[in-house]
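Read-outs throughout are calculated quantities, based only on the coordinates presented, and are distinct from any laboratory measurement. Note that the structure is a prediction, hence the values are computed from the model and not measured. Reconstructed Cβ throughout: ideal geometry from the backbone, glycine too, with neighbour counts over all protein chains shown.
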Amino acid sequence: MKDYDPSKQLSSDEWLDLEESERISLVRIFHEALDDDLPEDAIEMHTMFHVIVENQLAEKVELIPETITKLTRQGLDRHEAIHAIAAIVSEDIFDLWKGNKKEFSPKQYRRKLENITAKRWRKGQY
């Protein structure tokens with residue numbers, strides 16, 4: 001794999017054959033080319049959450065592929081769908097980091113994935 005484009009479905013085997021550092025580099029290069037003027041720490045976090053979601057997709061983690069499919073059928077492009085799932089992941093991670101939660105809850109994560117819709121994502125309700 002030479003390039004990363006979040007609007008296109010990746011080959012799971014090709015993605016998983018890459019070292020984690022290569023995945024991070026590909027995603028970062030893509031986002032730096034967008035010239036969104038994100039601060040260094042923001043692009044780093046953005047990249048990491050993309051990689052987390054792409055890893056979950058490639059590993060076929062329960063409900064992740066189905067959620068991407070659902071969101072794209074509802075009108076989000078694949079990149080936006082990745083952002084929607086990444087928002088759920090980041091919210092859970094930040095809650096753990098802030099001490100608002102004691103542990104990650106797979107059950108709660110599944111529920112959030114089941115409940116997310118394109119309409120809710122666009123309204124900021126995920």
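Given an 8 Å cut-off on Cα distances and at least 6 residues of separation, report the relative contact order of segment 12-122 as a percent.
Relative contact order for segment 12-122 comes out at 26 percent.
Could you let me know the centre-to-centre spacing of segment 62-126 and segment 1-52, using Cα atoms, in angstrom?
19 Å
With a 10 Å cut-off between alpha carbons and a GNM built on the chain, which of P39, P65, P106 moves the most?
Result for the chain, Cα springs under 10 Å: P39 fluctuates most.
Pick out, from W15, H50, Q74, the residue whose Cα sits farthest towards the positive end of the charge dipole of segment 12-122, with +1 on the Cβ of Lys and Arg and -1 on the Cβ of Asp and Glu.
Q74
What 222 nm value per residue comes from the helices of the chain, counting each DSSP H run with n ≥ 4 as -39,500 (n - 2.57) and dividing by all residues, nearest 500 deg cm²/dmol?
Dividing the helical sum by the residues of the chain leaves -21000 deg cm²/dmol.
Got a sec? How would L26, L34 order by Cβ neighbour count within 10 Å, fewest to most?
L34, L26
Suppose we flag trypsin sites (Lys or Arg not before Pro) only when DSSP calls them loop and at most 12 other Cβ atoms lie within 10 Å. Which is the longest uninterrupted stretch of the chain?
With a cap of 12 other Cβ atoms within 10 Å, the longest stretch comes to 9-59.
Please give the net charge around W97, taking every other residue with its beta carbon less than 14 angstrom from that of W97, where Lys and Arg add +1 and Asp and Glu add -1.
-1
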